[in-house]
1. Looking at LYS282, LYS292, LYS306, can you tell me which residue is modelled with pLDDT of 90 or more, part of a loop (DSSP other than H, G, I, E, B) and open to solvent by 50 Å² or more (accessible area, probe 1.4 Å)?
2. Name the residue that is nearest to the ligand (Cβ to nearest atom), counting only residues in the range 423-453 that are outside any loop (DSSP other than H, G, I, E, B) and under 13 Å from the mean Cα position of the chain (by Cα).
3. Restricting the search to the range 309-320, which residues are of a type outside the set (S, T, N, Q) and either within 16 Å of the ligand (Cβ to nearest atom) or assigned to a helix (DSSP H, G or I) (or both)?
4. Consider only pairs whose beta carbons are under 8 Å apart and that are at least six residues apart or on different chains; among these, list those whose first residue lies in the range 22-40 and is modelled with pLDDT of 95 or more and whose second residue is open to solvent by 40 Å² or more (accessible area, probe 1.4 Å) and of a type in the set (Val, Ile, Thr).
5. Can we say THR53 is hydroxyl-bearing (Ser, Thr, Tyr) and closer than 29 Å to ILE389 by Cα?
6. Pick out, from the range 1-107, the helices (runs of 4 or more DSSP H) lying fully within it that include 3 or more residues that are on the phi < 0 side of the Ramachandran plot and of a type in the set (A, V, I, L, M, F, W, C).
7. Hey, can you tell me all the residues within the range 120-160 that are polar (S, T, N, Q) and outside any loop (DSSP other than H, G, I, E, B)?
8. I need a count of the residues in the range 456-479 that are open to solvent by less than 10 Å² (accessible area, probe 1.4 Å) and assigned to a strand (DSSP E or B).
Amino acid sequence: MSQFPKDFLWGGATAANQLEGAYNEGGKGWSTADMVKFVPREVSQGRNTETVTYEEALEIIHHQHDDEYYPKRWGVDFYHHFKEDIALMAEMGFKCFRMSISWPRIFPHGDDLEPNEEGLKFYDDVFDECLKYGIEPLVTLSHYEMPLHLSLEYNGWENRKCIDFFVNYAKTVFKRYQKKVKYWIPFNEINMSLHLPYTGGGIFVEKSNNELQTIFQALHHQFIASALTTQLAKQINPQFQMGSMLGLSLYYPKSNAPEDIIAAQTANRINYFFLDVLSKGKYPTYFYAYLKKNQIQIHIEENDLKIIKENTVDFNSFSYYYSLCTSANPKNEDSLVAFIPESEVIDEFHPRKVRNKNLQVTDWGFQIDPIGLRIAINEIWDRYQKPIIISENGLGTYDTLTTDKKIHDDYRIQYLREHIQQMKLCIEEGIPVIGYTSWGCIDIVSAGTSERTKRYGYIYVDCDDYGHGTMQRYKKDSFYWYQKVIASQGEDLD
Ligand code: BG6
């Protein structure tokens, strides 16, 4: 008998800005993600290249830049291939497909009075295609993008007006898809505005004279938007299930010195800070102490805390790729280059990441740690006692297409197998993990570096970093492996 529940949501995950392409088709407006240009690896050294300044964005939209390449505008052309792609997911046996709606495809400027019917129709078609195969869509409303106009005119989530724009967008799609979609996540990796304010919150930090204050104000607005969206969802369809989504950073102490242990605990509280608000419905006490210490004053209106308190999520979800490590004396340590760049600010909200020599590290600085997934699930269950979905997990690396059009990705199978085994141990101990959607089930553009050759998929897409290729889809060895995993309900992981 399988340990996984019968209705376990096996599947894969993607995001519109990395997948869809067709950036200027179907009435879509400019997205913040459309502004991110490709920086070759020799220059970026694999570091995150997502941030765009206000001046750059203006320059990009007002002038033709034929010499630049913007991969997120093209994705892997799911917009024109979605039937074929969903059929492949169905062939693997997917029960669930996590995807996001592109906000500027529905509201091209974000503050438009009427939605774009062509955009709405596109997602109708996508959801119908999923449902045809019995695949449950799990839909993120904002995954690392928002209408560019909201960034340029309002400085993104720094402005409270974005709450209304977002809730209006949510209302439009909730009503439209209420019979097709049950699982919703308002924000992907809600903690991202803290690390990458442009990506997470559409914020141009150079416009602010107090960066941390701007960031925490924006986060407060996102928390209210998330709570109001949850409230609205229940009014429209009480069956809707609303989730949090956290980019999980699990920190270990560098040593067993108490100083290192408190440093790691402090770093881990950053994770919990976000789930405390979304899942418990309140800011943790140390947050107020942090604001005071850093002379940050955020504007909280009378009803805000009540709204947050009364509209918590139904399930928690998180992405998990690696574990991290920190110490009390981080400046002397061997720093780790992860896809989140080292912030200039080193404080309890921006801890230094140091290398954990017990773990292997990928070319992108991801420390591979399957047991860390179990630790993370245990922690999140113990703290919040709500069902859990692992909404992202996977290995991003180079693959080779052989001359006979095969991809032998045993390294990916090993990574996934070891993580699923750890998840299974949690389920055996009675933790309600209800779904697992591995990241980039089909190869897509990398969020952090805009590379296409950093691949996560079970399905290979023939396209390189510069957009050269046929866009043809090929099944990797991991495709057949995952098919077997799903068919055996997680029993056959060989
Ligand atoms: C997650 C994001 O943080 O990590 C995804 O939600 C992203 O959008 C994924 O793609 C992997 O990161 P990267 O940089 O390898 O694409």
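1. LYS282
2. Result: TRP439.
3. Scanning the range 309-320 gives LYS309, GLU310, PHE318, TYR320.
4. Cβ pairs passing all conditions: TRP30/ILE61; MET35/ILE61.
5. No; evaluated as a whole, the condition is false for this residue.
6. Counting at least 3 such residues, we get 54-62, 78-92.
7. Scanning the range 120-160 gives THR140, SER142, SER151.
8. 2
The values are calculated or read from the model by the stated rules, or taken from the named source; none is laboratory data. Everything quoted here is computed from the prediction, not taken from an experiment. For neighbour counting, all protein chains shown are included, and Cβ atoms are generated from backbone atoms with ideal geometry for every residue, glycine included. For accessibility, only protein heavy atoms count, side chains too; no ligands or nucleic acids. Shrake-Rupley method; radii C 1.70, N 1.55, O 1.52, S 1.80 Å.
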